[in-house]
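Every read-out reported here was derived from the displayed coordinates using simple, explicitly stated rules and does not represent laboratory data. Source: prediction; values computed, not measured. In this analysis, Cβ positions are derived from the backbone assuming ideal geometry, glycine residues included, and neighbour counts consider all displayed protein chains.
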Amino acid sequence: MAGEKILVVEDNPMNMELTTALLEASGYVVIQAGAAEEGVELVKAESPDLILMDISLPGMDGLEATGVLKQDPATKDIPVIAMTAHAMKGDKEKALAAGCAGHITKPIDTREFPKTVARFIESAVRP
């Protein structure tokens with residue numbers, strides 16, 4: 001599948017560039033946000049099919065932003081995938097508890113990342 005709209009919320013320019021390039025090469029439409037607050041606003045304006053949310057963001061972090069999105073009836077069904085360099089025991093569980101549908105560790109594996117995103121897109125059930 002391709003053409004789906006993916007919002008990437010990432011404050012690191014190099015990570016944003018790599019993630020965007022990989023997604024666009026797979027045929028996805030990419031919307032970019034450099035902060036959680038901006039991401040929350042873009043979700044409401046753009047209705048993406050999937051959100052890739054960095055967890056370590058300045059100000060509101062990715063888990064807080066996910067909580068805000070999951071409390072809003074208009075955005076609660078959009079799957080959020082946590083993207084984080086935190087691979088410590090319990091980090092995945094924290095992301096899932098916050099409402100994330102999955103977890104991708106950084107640095108991302110450039111060969112596996114497109115396949116992983118495709119699996120999340122395919123399994124996303126949108127009303």
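Given +1 at the Cβ of Lys and Arg, -1 at the Cβ of Asp and Glu and no other charges, the dipole of region 5-123 around its Cα centre is 420 debye to the nearest 20.
Report relative contact order for the chain in percent, whole number only (criteria: Cα-Cα under 8 Å, sequence separation at least 6). Could the numbers behind the result be given before it?
Values: 204 pairs, mean separation 29.8, N = 127.
After rounding, I find 23 percent.
State the volume of the convex hull built on the alpha-carbon positions of region 1-99, expressed per residue in Å³ and rounded to an integer.
Numbers: hull volume 9.3 nm³, N = 99.
So the per-residue hull volume is 94 Å³.
Would you mind checking K44/K76; K5/K44; K44/K94; K5/K92 for any pair whose Cα atoms are more than 18 angstrom apart? The answer is K44/K94; K5/K92.
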